[in-house]
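Contents: one structure, followed by commentary.
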Amino acid sequence: MTDTKKQIRIALRNCGLIDPEQIEDYIAQDGYFALGKCLTEYTQDQTIAEIKESGLRGRGGGGFPTGLKWEITKNVEADQKFVVCNADEGDPGAFMDRSILEGDPHSVLEAMAICGYCIGADKGLIYIRAEYPLAIERLKIAIKQAREFGLLGNDILGTGFNFDIELRYGAGAFVCGEETALIHSMEGLRGEPTFKPPFPSVSGYMGKPTNVNNVETFASVPVIINKGAGWFNKIGTEKSKGTKVFALAGKINNVGLVEVPMGTTLREVVYDIGGGIVNGKEFKSVQTGGPSGGCLTKDFLDTPIDYDNLVAAGSMMGSGGMIVMDEDDCMVSIAKFYLEFTLEESCGKCTPCRIGNKRLHEILEKITEGNGTEEDIDRLKVLSNVIKDTSLCGLGQSSPNPVLSTIANFEDEYLAHVKDGKCPAGQCKSLLRYDIIEDLCTGCTLCFRNCPVGAITGERRAPHFIDQSLCIKCGVCFEKCKFDAITLT
Amino acid sequence: MSKVKSFTDLKNLKSEYHKKQIFGTPAESLVQIKVGMATCGIASGAKEIKKFLIEECEHQAIDAEIKQTGCLGYCYAEPMVEVQLPDSEPVVFGYVDKKRAKSIIENYIIQGEEIEGEIPISFKTIND
């Protein structure tokens, strides 16, 4: 039986409770109350102070203090400012932003309006990937309803405050989750990052001060206003307040979306909430932070999860993807998988990311094919650090993290590949070897007849042999043999 | 809908909707059914289940309000259906296919029997 109350739903408070296509449902749950409260009872500075005191940090991955970001944007003088919601969720296996937008779109609209009030913006933009058709549909309905109710538009709640929101669609490029690339994409330019500073808070969309926050960050804001910063900052750890939504996936029984207080341990998430590893296998690692994150070992199971502990452990919070791996997963292959993703998604603007990652991938490929050497592991480390130090944006700077963290935590597995020519998890096909045990082989010819490449030879009723140079390691002989005469090493 | 003119108007509207939606205290005869219909639920067949529940409730003359909601987070057990009987706590059922949907109506709602597939609520709300 799993412990049932380790979660607290703040960002997901209305998901599964209300009909996302009915503004009435949202209003019945104190919807737009926080906006009303800010507009009528709080000054801009008081609202920002409340957010600062709550300790809310950006939930998109970076963990920048939200209140501080709002304050910086507010303090820039400009005739026009923008609020942008980053809904370009791109980490493999992450779907918390989509769930919030599909289950409770009004919470994001309300928070954007509050942000607009604080920083002095009358226009909000939601950058959402076109691959999220249902989220887009529900956002459109929500915006329409909010306009009809006068909760978006001119003179909101009779206070003279104007704010409206439009959607901007992304084509699903991972790099566009980086805020400067996102802004360029919205402007109709290529989705490529540019050097910071200037930060978007100073010069963002159309060169105007722009406050960019993630969906989950916004979804937490109305609760902070309604229940108070003091309520919110009692949840969590010293430097990470509130809760975080994680998308739990991989070799775990209860795949799903969980929202836990910061400071919850990995063990609680994996075993108490996640229900443990599929088929009772042994836990090996959990990957957090997506392609920019790292793999944590079982030594970290009792580490409280927060921004700083994850960074100290060689990973990062990221947007909240959490992929659980068991004893059957090969860590070299996992590193290769994430690198393949980065290769696909690199925009190609800077050389370290475009070419460096390609070279990293080639070395990993060499190792998984059984041709690696110990020098290759050193080369991986050196090249990774060069890419980290010299790439232009966050994508490149963090892209070697899966390689570095798997080497740091699972170096023995890399060594097994390059020194012993073995893949301990049995995943790297090139490193497998099928052999026929002469004493057990009856010469039934079943393997011979089933081998798709003719790698097996032998006379009827006499032991057969596998020609290793022809074998493609498909395992058909192993499955077909009725006498357990074939070994896999 | 005419525009909400002030914060006071919004507060009044809230009480009105809150009463109408009878959160937590269902009216005597009304059964409330929620079907999880985010992308994950729909992909697992929630649309069909919702349609089936509507037809079946009509067929059996059950006074029910059936609505869609977002994701409860139990992706492994989609489609999910939450049922709140009059004067009871809501109960969440997972892995709802047509057979289980039928059982929810005939055994749980009509007969008041316990049925398989109940998922324990695993979180606190902001009001707990």
Check your understanding: Of everything in the stretch A:240-259 that's more than 9 Å from chain B (Cβ to nearest Cβ) and open to solvent by less than 10 Å² (accessible area, probe 1.4 Å), which residue is farthest from B:C75 (Cα to Cα)?
Key -> A:S240
**Study point:** Residue pairs meeting the criteria (Cβ under 6 Å; at least 6 apart or on separate chains; first touching a residue at least 60 places away in the same chain (Cβ under 8 Å), in the stretch A:427-449; second open to solvent by 60 Å² or more (accessible area, probe 1.4 Å))
**Key:** A:S430/A:E369; A:L431/A:K422
**Study point:** B:V81 open to solvent by less than 60 Å² (accessible area, probe 1.4 Å), over 23 Å from A:I10 (Cβ atoms) and in contact (Cβ under 8 Å) with a residue 60 or more places away in the chain
**Key:** no
Check your understanding: What's the number of the condition A:A146 fails, among (1) crowded, with 20+ Cβ neighbours inside 10 Å; (2) within 12 Å of another protein chain (Cβ to nearest Cβ); (3) assigned to a loop (DSSP other than H, G, I, E, B)?
Key -> (3)
Practice item. Return yes when A:V212 is crowded, with 24+ Cβ neighbours inside 10 Å and either away from every other protein chain (no Cβ under 14 Å) or touching a strand residue (DSSP E or B) at 6+ places or on another chain (Cβ under 7 Å) (or both) and no when it is not. Key: yes
Check your understanding: Taking the stretch A:107-135 as the search range and keeping residues that are among the charged types (D, E, K, R) and not in a helix (DSSP H, G or I), which one is farthest from the other protein chains (Cβ to nearest Cβ)?
Key -> A:K123
Study note, to complete from the structure: Exception for A:D272 within (1) open to solvent by less than 20 Å² (accessible area, probe 1.4 Å); (2) within 27 Å of A:V223 (Cα to Cα) falls at (1)
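What are the residues in the stretch B:40-55 that are surrounded by fewer than 19 Cβ atoms within 10 Å (Cβ to Cβ) and touching a helix residue (DSSP H, G or I) at 6+ places or on another chain (Cβ under 6 Å), if any?
Within the stretch B:40-55, just B:F52 meets the criteria.
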**Study point:** Test: B:E16 is modelled with pLDDT of 90 or more, over 30 Å from A:G276 (Cβ atoms), more than 8 Å from chain A (Cβ to nearest Cβ) and open to solvent by 60 Å² or more (accessible area, probe 1.4 Å)
**Key:** no
Check your understanding: Looking at the stretch A:314-322, is at least one residue within 14 Å of another protein chain (Cβ to nearest Cβ), over 30 Å from A:N385 (Cα atoms) and crowded, with 23+ Cβ neighbours inside 10 Å?
Key -> no
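Residue-by-condition table, conditions (1) open to solvent by less than 50 Å² (accessible area, probe 1.4 Å); (2) within 14 Å of another protein chain (Cβ to nearest Cβ); (3) of a type in the set (S, T, N, Q); (4) on the phi > 0 side of the Ramachandran plot:
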{"residue": "A:C15", "(1), (2), (3), (4)": "yes, yes, no, no"}
{"residue": "A:G36", "(1), (2), (3), (4)": "yes, yes, no, no"}
{"residue": "A:T47", "(1), (2), (3), (4)": "yes, no, yes, no"}
{"residue": "A:Q80", "(1), (2), (3), (4)": "no, no, yes, no"}
{"residue": "A:V83", "(1), (2), (3), (4)": "yes, no, no, no"}
{"residue": "A:F95", "(1), (2), (3), (4)": "yes, yes, no, no"}
{"residue": "A:P105", "(1), (2), (3), (4)": "yes, yes, no, no"}
Review point. What number goes with the only condition from (1) open to solvent by less than 10 Å² (accessible area, probe 1.4 Å); (2) under 22 Å from A:H184 (Cβ atoms); (3) within 11 Å of another protein chain (Cβ to nearest Cβ) that A:R138 does not pass?
Key: (2)
Review point. Has the stretch B:57-68 got any residue that is open to solvent by less than 20 Å² (accessible area, probe 1.4 Å), touching a helix residue (DSSP H, G or I) at 6+ places or on another chain (Cβ under 6 Å) and at pLDDT below 95?
Key: no
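Within the stretch A:153-170, is even one residue among the charged types (D, E, K, R) and either closer than 19 Å to A:L39 by Cβ or within 14 Å of chain B (Cβ to nearest Cβ) (or both)?
Within the stretch A:153-170, one or more residues are among the charged types (D, E, K, R) and either closer than 19 Å to A:L39 by Cβ or within 14 Å of chain B (Cβ to nearest Cβ) (or both).
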Revision key, fill the gap. Here the residues within the stretch A:284-300 that are open to solvent by less than 10 Å² (accessible area, probe 1.4 Å) and either without any contact (Cβ under 8 Å) to a residue 12 or more places away in the chain or of a type in the set (A, V, I, L, M, F, W, C) (or both) are A:V286, A:C295, A:L296
Check your understanding: Taking the stretch B:87-122, which residues are under 23 Å from B:A43 (Cβ atoms), of a type outside the set (S, T, Y) and open to solvent by less than 30 Å² (accessible area, probe 1.4 Å)?
Key -> B:V92, B:F93, B:G94, B:V96, B:A101, B:I104, B:G117, B:I119
Check your understanding: If you go through the stretch A:374-387 one residue at a time, do you hit one that is in contact with a Lys or Arg (Cβ under 9 Å, 6 or more places away or on another chain), surrounded by fewer than 18 Cβ atoms within 10 Å (Cβ to Cβ) and not acidic (D, E)?
Key -> yes
Review point. From the set of residues in the stretch B:76-86 that are over 13 Å from B:G45 (Cα atoms) and not in a loop (DSSP other than H, G, I, E, B), which is farthest from the chain's Cα centre (by Cα)?
Key: B:Y76
Practice item. Check the stretch A:469-488 and report whether any residue there is open to solvent by less than 30 Å² (accessible area, probe 1.4 Å), at pLDDT 90 or above and in a helix (DSSP H, G or I). Key: yes
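The values are calculated or read from the model by the stated rules, or taken from the named source; none is laboratory data. Remember, it's a predicted structure, so these values are computed and weren't measured experimentally. Using ideal geometry, Cβ is built from the backbone for each residue, glycine included, and neighbour counts are taken over all protein chains shown. Note: accessible area is taken over every heavy atom of the protein model, side chains too, but ligands, DNA and RNA are not part of it. Shrake-Rupley method; radii C 1.70, N 1.55, O 1.52, S 1.80 Å.
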